[in-house]
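Colleague: Take this structure, written in structure tokens, and hold onto it; I'll ask about it next.
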Amino acid sequence: MGDMARMRNIVVLTGAGISAESGIDTFRGGGGLWEQHRVEDVATPEAFARDPELVQRFYDMRRAAVQTKQPNAAHHALARLEAEWRGELLIVTQNVDDLHERAGASGVLHMHGTHLNAWCTGCDARHRWTGTLIEKPPCPECGEASLRPDVVWFGEMPYEMERIYAALRGADLFVSIGTSGAVYPAAGFVQDASQLGARTLELNLERSQGSHWFDESRQGPATQLVPRWVEEMLAG
Ligand code: BJW
């Protein structure tokens with residue numbers, strides 16, 4: 001790992017596994033169902049058009065839950081690395097929770113959006129939103145009852161792709177934490193980073209679908225693996 005510590009520019013990708021030990025359910029682990037629905041069946045524009053109440057209930061419940069959870073040692077360690085690292089460090093998260101920010105990280109890119117925003121499909125305004133949407137509240141901007149969760153569903157374009165690919169082009173090291181590698185384009189970042197010349201490291205509870213793409217893969221809980229890796233980087 002000594003050579004890793006000599007690297008300058010790091011891109012970190014996080015997934016649901018980094019928030020699992022904070023008590024937020026992952027998507028595909030342990031049952032992976034919500035009221036008998038797979039995430040692939042509720043996190044789509046088609047599901048929202050067909051049964052908006054079901055989809056709003058799913059997000060209202062998770063938006064409420066996330067506000068009762070706290071960042072864990074892995075979120076804190078990444079925030080520390082961001083503050084102390086001498087080169088560039090970009091945290092890209094697929095998570096819609098705000099635990100990276102509440103651990104003190106800044107400049108986190110939320111490629112799949114955020115629970116704590118509502119997006120008006122009428123006037124395109126975005127509003128910070130901590131309450132529920134199921135009762136169809138009016139948009140504070142235009143008054144229409146056209147608010148939806150500001151999250152990226154299957155078939156929609158993830159946010160911040162240009163900034164992410166620009167960072168991958170300049171990366172010496174790409175680190176993936178707590179993601180199953182089941183959902184694209186995030187699942188393809190390891191191959192993109194590799195082809196662009198970066199070294200690649202996976203930190204995950206178990207081997208993932210994409211483990212074989214990484215130069216190195218370490219298995220264990222994020223609250224142990226991430227602080228240990230951050231110590232190595234800062235000690236180097
Ligand atoms: C721990 C742990 C602990 C547990 N410590 N680890 C066929 C082939 C290729 C692609 C496609 C295809 N058909 C369709 C597509 C595209 C589609 C896609 O990928 N589908 C797949 C099903 C194949 N993708 C899209 O539609 C995306 N848009 C798109 O592609 O636009 C076109 C485009 C192309 C190229 C460039 C740009 C644009 C949009 C995807 C949107 C995903 N949205 C969701 C919902 C967000 C809102 C919400 O939260 O509800 O995002 S789905 C869900 O999955 C969520 C997550 O961010 C995402 C990834 O899940 P994640 O984070 O990996 O969680 P898990 O549960 O899967 O894994 C957790 C891991 O942690 C596990 O490995 C555990 O072991 C581990 N773990 N405890 C460490 N303590």
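The values are calculated or read from the model by the stated rules, or taken from the named source; none is laboratory data. Fair warning: this is a prediction, and the values are worked out from it, not measured in the lab. As a convention, Cβ positions derive from the backbone with ideal geometry for all residues, glycine included, and neighbour counts pool all protein chains shown. Quick note on the areas: whole protein, heavy atoms, side chains included, nothing else; ligands and nucleic acids left out. Shrake-Rupley method; radii C 1.70, N 1.55, O 1.52, S 1.80 Å.
Colleague: When you look at Asp41, is it open to solvent by less than 50 Å² (accessible area, probe 1.4 Å) and either outside any helix (DSSP H, G or I) or acidic (Asp, Glu) (or both), yes or no? Working first, answer last.
Modeller: Values: open to solvent by less than 50 Å² (accessible area, probe 1.4 Å): no; either outside any helix (DSSP H, G or I) or acidic (Asp, Glu) (or both): yes.
Answer is no for this residue.
Colleague: Which numbered condition trips up Glu206, out of (1) out of contact with any Phe, Trp or Tyr (no Cβ under 9 Å at 6 or more places or on another chain); (2) within 9 Å of the ligand (Cβ to nearest atom); (3) in a loop (DSSP other than H, G, I, E, B); (4) open to solvent by less than 30 Å² (accessible area, probe 1.4 Å)?
Modeller: (4) is the only condition that Glu206 fails.
Colleague: Do the conditions hold for Thr200, that is, is it farther than 18 Å from Leu90 by Cα and of a type in the set (S, T, N, Q)? Explain how you work it out, then say what you get.
Modeller: Details: farther than 18 Å from Leu90 by Cα: no; of a type in the set (S, T, N, Q): yes.
Here the answer is no, as Thr200 does not meet what is asked.
Colleague: Do the conditions hold for Val230, that is, is it near the ligand (Cβ under 10 Å from one of its atoms), among the hydrophobic types (A, V, I, L, M, F, W, C), crowded, with 17+ Cβ neighbours inside 10 Å and over 24 Å from Ala43 (Cα atoms)? Write out each step before concluding.
Modeller: Working: near the ligand (Cβ under 10 Å from one of its atoms): no; among the hydrophobic types (A, V, I, L, M, F, W, C): yes; crowded, with 17+ Cβ neighbours inside 10 Å: yes; over 24 Å from Ala43 (Cα atoms): yes.
Judged against the criteria, Val230 is not a match.
Colleague: Restricted to the range 53-75, and to residues that are touching a residue at least 60 places away in the same chain (Cβ under 8 Å) and open to solvent by 20 Å² or more (accessible area, probe 1.4 Å), which residue is nearest to the ligand (Cβ to nearest atom)?
Modeller: Restricting to residues being touching a residue at least 60 places away in the same chain (Cβ under 8 Å) and open to solvent by 20 Å² or more (accessible area, probe 1.4 Å), the top hit is Ala73.
Colleague: Also, quick follow-up: Out of the range 163-182, which residues are within 7 Å of the ligand (Cβ to nearest atom) and open to solvent by 30 Å² or more (accessible area, probe 1.4 Å)?
Modeller: Within the range 163-182, Ser180, Ala182 meet the criteria.
Colleague: Still on this structure, please answer the following. What tally of residues in the range 78-94 results from selecting those that are open to solvent by 10 Å² or more (accessible area, probe 1.4 Å) and either within 13 Å of the ligand (Cβ to nearest atom) or of a type in the set (Phe, Trp, Tyr) (or both)?
Modeller: Matching residues across the range 78-94 total 2.
Colleague: Among Glu141, Glu160, Glu135, which is farther than 26 Å from Gly220 by Cα, within 14 Å of the ligand (Cβ to nearest atom) and surrounded by fewer than 21 Cβ atoms within 10 Å (Cβ to Cβ)?
Modeller: Glu160
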